[in-house]
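The values are calculated or read from the model by the stated rules, or taken from the named source; none is laboratory data. Note that the coordinates shown come from a computational prediction; the quantities given were computed from them, not determined experimentally. Virtual Cβ from ideal backbone geometry, glycine too; neighbours counted across all protein chains shown.
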Ligand code: PAF
């Protein structure tokens, strides 16, 4: 695997892959890789001849009070994992290559960015859209892979690709990969590493409460009452705060008060200082 950290080196490495023929898939990450990321790489390898990954802890998507400095950085370990999966190219630029002195451009995606995580983390999706737009322009992959745990992020990225007429990759070639879960149902996330043993045990209440809510909603239970019960169950389990528990249309992310046949349940909740998110089809 070739690891590059400068744009001219990246361009030569991508040209060399292209010269060999076949399609290039990109798996963008912020590192701290877990099984969920490796699943993205494996899916990418099924769909493209060459797999490239990026590791960049993007400061623009962290709020002032968020954990940018504490975010786990383990480049050597991550590159070993990627290499073992057959990734051919790792793009790992430093912050001043991604955002050189004088950098001034921001990508804002209205609509799908609003509400849910967009409400709790102002500016977060501008940071995501900006860096992913740059990663796409830098690597120019044919296809790209993102985890469905960040469902709203995926919606934002697809909207951006459509709106900006991106061709590498086209919006239709931006693929979501289903959430990978621990044995007790907790969605895999780099943030799970922040949980103490006790918090980790309590965190399993999140997917459990969501599944219970979905079972009730399928029996046509009242949505408001069901979401109220879900919040209460999380509080009893030891969560300190529920940022949101909402049912939305899976594609447009428009708020729903009942199942429209394409509904999804979205929850963000905090346990200690750690914010966990999850989503499931209703
Ligand atoms: O999901 C992530 O890891 C990040 O938000 C992404 C897409 C790599 C952009 O920094």
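Restricting 234, 227 to those that are under 21 Å from residue 256 (Cα atoms) and free of Cβ contacts under 8 Å to residues at least 40 places away in the same chain reduces the list to 227.
Within region 253-282, the set of residues being out of contact with any strand residue (DSSP E or B) (no Cβ under 8 Å at 6 or more places or on another chain) and under 21 Å from residue 234 (Cβ atoms) comprises 271, 272, 273, 274.
Is it true that residue 82 is within 13 Å of the ligand (Cβ to nearest atom), modelled with pLDDT of 95 or more and crowded, with 18+ Cβ neighbours inside 10 Å?
Judged against the criteria, residue 82 is not a match.
In the set (1) crowded, with 16+ Cβ neighbours inside 10 Å; (2) in contact (Cβ under 8 Å) with a residue 60 or more places away in the chain; (3) assigned to a helix (DSSP H, G or I), the condition left unmet by residue 144 is number (3). Criterion applied to 32, 53 was being within 26 Å of residue 193 (Cα to Cα) and not in a loop (DSSP other than H, G, I, E, B), and the one residue passing it is 53.
From (1) part of a helix (DSSP H, G or I); (2) touching a residue at least 24 places away in the same chain (Cβ under 8 Å), pick out the condition that doesn't hold for residue 16. For residue 16, the exception is condition (2).
Please find, among 128, 109, 132, the residue that is buried (at least 19 other Cβ atoms within 10 Å of the Cβ), within 18 Å of the chain's Cα centre (by Cα), assigned to a loop (DSSP other than H, G, I, E, B) and within 14 Å of the ligand (Cβ to nearest atom). From the options 128, 109, 132, the qualifying one is 109. Can you work out which of the residues in region 149-163 that are touching a residue at least 40 places away in the same chain (Cβ under 8 Å) and in contact with a strand residue (DSSP E or B) (Cβ under 6 Å, 6 or more places away or on another chain) is farthest from residue 109 (Cα to Cα)? Across region 149-163, the extreme among qualifying residues is 149.
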